[in-house]
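K.L.:
Quick one: the structure is below, and I'll ask about it shortly.
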Amino acid sequence: MSEAVIEKVDNDGMVRLTINRPKALNALNSDVLAALEAHLVELESHPNLRAVLITGAGEKSFVAGADITEMREKTPEEARAFAMQALRTIKRLETLPVPVVALVNGFCLGGGCELALACDWAVASDNAVFGQPEVLLGVIPGFGGTQRLPRRVGPAMAIDLVTTGRKIDAQEALRIGLVNRVMPQAELESYAEELTKQLKGNGPQSVRGAKQAVHDGMDQDLDSALALETSLFAFCFAGDEQKEGMAAFVEKRKANF
């Protein structure tokens, strides 16, 4: 039996997805996208989902891009279908109701950068390399890079990256806001473990509500977004999670969510 191109580990709702094509630097092809989408469809109905961490197998690459060997002979119609498959899959990742975090280990280029941009935040190893080098291949980003990148780093920096095709290191990615943290590669695993513990200690419904408020509010004017926040805040008081959290605070004990 061939090895799975996506590996999934579920630890009490803390799910880790690993793109597993290390010999191809975890490049995205149709099979990888189909497997990833299948996992994401399952996660959409996961009853106890708390967070999703996504990374690439091996130490060299998160995702080095889309698979050029698959793309090179595509017709315009086939290229559109491939891009639509990727956009649909990445949108499923982006719209999961829980925090989604990219653990970027090594190359994060093209489609890999676009995948990371769909995550709520990214942390990077100090050897990570980022970029949208599609123009060097005679194409433009097709998995959302021209739209999500300016929303993350601003339009001027985004146009710089997508028109020059230049690559940036982890420290520059941190400086422009593409990633939240940079650490030695050996510390990525300990970060993932600490993040898991931290998120498990928070109210699961309040975490979902906080993400929803930010995501949905960004597409609204400020007054509408504040009204959304107020509604979600009030809704927190309708369940047991708020009662347990505040009782634990007053009683000086750890909340049992």
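K.L.:
Going through Val153, Val179 one at a time, which residue ends up being closer than 27 Å to Ser125 by Cα, buried (at least 16 other Cβ atoms within 10 Å of the Cβ), β-branched (Val, Ile, Thr) and in contact with a strand residue (DSSP E or B) (Cβ under 9 Å, 6 or more places away or on another chain)?
P.N.:
Exactly one residue qualifies, and that residue is Val179.
K.L.:
For residues that are loosely packed, with under 15 Cβ neighbours inside 10 Å, within 18 Å of the chain's Cα centre (by Cα) and acidic (Asp, Glu), tally how many sit in the stretch 15-44.
P.N.:
Matching residues across the stretch 15-44 total 2.
K.L.:
Follow-up question, since we're still on this one. So Lys197 ticks every box in (1) modelled with pLDDT of 95 or more; (2) surrounded by fewer than 16 Cβ atoms within 10 Å (Cβ to Cβ); (3) not aromatic (Phe, Trp, Tyr) but one. Which box is left unticked?
P.N.:
(1)
K.L.:
Kindly indicate which of Leu40, Leu87, Leu49 is part of a helix (DSSP H, G or I) and within 28 Å of Gln185 (Cα to Cα).
P.N.:
When all the criteria are applied, what remains is Leu40.
K.L.:
Residues of the stretch 45-78 being touching a Gly at 6+ places or on another chain (Cβ under 7 Å) and loosely packed, with under 13 Cβ neighbours inside 10 Å, which ones?
P.N.:
Asn48
K.L.:
I've got another one for you. Just to be sure before I move on: is Arg152 in contact with a helix residue (DSSP H, G or I) (Cβ under 7 Å, 6 or more places away or on another chain), in a helix (DSSP H, G or I) and of a type in the set (D, E, K, R) in the structure I sent?
P.N.:
Considered against the rule, which asks whether it is in contact with a helix residue (DSSP H, G or I) (Cβ under 7 Å, 6 or more places away or on another chain), in a helix (DSSP H, G or I) and of a type in the set (D, E, K, R), Arg152 comes out as yes.
K.L.:
What single numbered condition from (1) part of a loop (DSSP other than H, G, I, E, B); (2) over 19 Å from Ala38 (Cα atoms) fails to hold for Val98?
P.N.:
(2)
K.L.:
Continuing with this model, one more query. Looking at Ala118, Ala158, which one is of a type in the set (A, V, I, L, M, F, W, C), at pLDDT 95 or above and farther than 25 Å from Gly209 by Cβ?
P.N.:
Among Ala118, Ala158, only Ala158 is of a type in the set (A, V, I, L, M, F, W, C), at pLDDT 95 or above and farther than 25 Å from Gly209 by Cβ.
K.L.:
Ok, one more. Look through Ile90, Ile68 and report the one residue that is more than 26 Å from Val52 (Cβ to Cβ) and touching a residue at least 40 places away in the same chain (Cβ under 8 Å).
P.N.:
From the options Ile90, Ile68, the qualifying one is Ile68.
K.L.:
Then there's this: So how many residues does the stretch 156-176 have that are open to solvent by 20 Å² or more (accessible area, probe 1.4 Å) and outside any helix (DSSP H, G or I)?
P.N.:
Counting residues in the stretch 156-176 that are open to solvent by 20 Å² or more (accessible area, probe 1.4 Å) and outside any helix (DSSP H, G or I) gives 3.
K.L.:
Can you pull out the residues in the stretch 45-83 that are among the basic types (Lys, Arg) and more than 17 Å from the chain's Cα centre (by Cα)?
P.N.:
Scanning the stretch 45-83 gives Lys60, Arg72, Lys74, Arg80.
K.L.:
Looking at (1) open to solvent by 20 Å² or more (accessible area, probe 1.4 Å); (2) on the phi < 0 side of the Ramachandran plot, can you tell me which one Asp12 breaks?
P.N.:
(2)
K.L.:
One residue is enough: does the stretch 228-241 have a residue meeting the conditions in a helix (DSSP H, G or I) and either under 19 Å from the mean Cα position of the chain (by Cα) or touching a residue at least 60 places away in the same chain (Cβ under 8 Å) (or both)?
P.N.:
No, the stretch 228-241 has no match at all.
K.L.:
Shifting gears a bit: Residues being assigned to a helix (DSSP H, G or I) and crowded, with 17+ Cβ neighbours inside 10 Å: count how many of those fall in the stretch 200-210.
P.N.:
So the answer is 7.
K.L.:
Continuing with this model, one more query. Filter the stretch 212-227 down to the residues that are surrounded by fewer than 17 Cβ atoms within 10 Å (Cβ to Cβ) and assigned to a helix (DSSP H, G or I) and list them by number.
P.N.:
Answer for the stretch 212-227, where residues must be surrounded by fewer than 17 Cβ atoms within 10 Å (Cβ to Cβ) and assigned to a helix (DSSP H, G or I): Gln212, Val214, His215, Asp216, Leu222, Asp223, Ser224, Ala225, Leu226, Ala227.
K.L.:
Among what's in the stretch 106-140 and is open to solvent by less than 10 Å² (accessible area, probe 1.4 Å) and part of a loop (DSSP other than H, G, I, E, B), pick the residue that is nearest to Val182 (Cα to Cα).
P.N.:
Among them, the one singled out is Ala128.
The values are calculated or read from the model by the stated rules, or taken from the named source; none is laboratory data. Note that the structure is a prediction, hence the values are computed from the model and not measured. Don't worry about glycine lacking a Cβ; one is built from the backbone with ideal geometry, like all the others, and counts go over all protein chains shown. Calculation scope for accessible area: heavy atoms of the full protein, side chains included, ligands and nucleic acids excluded. Shrake-Rupley method; radii C 1.70, N 1.55, O 1.52, S 1.80 Å.
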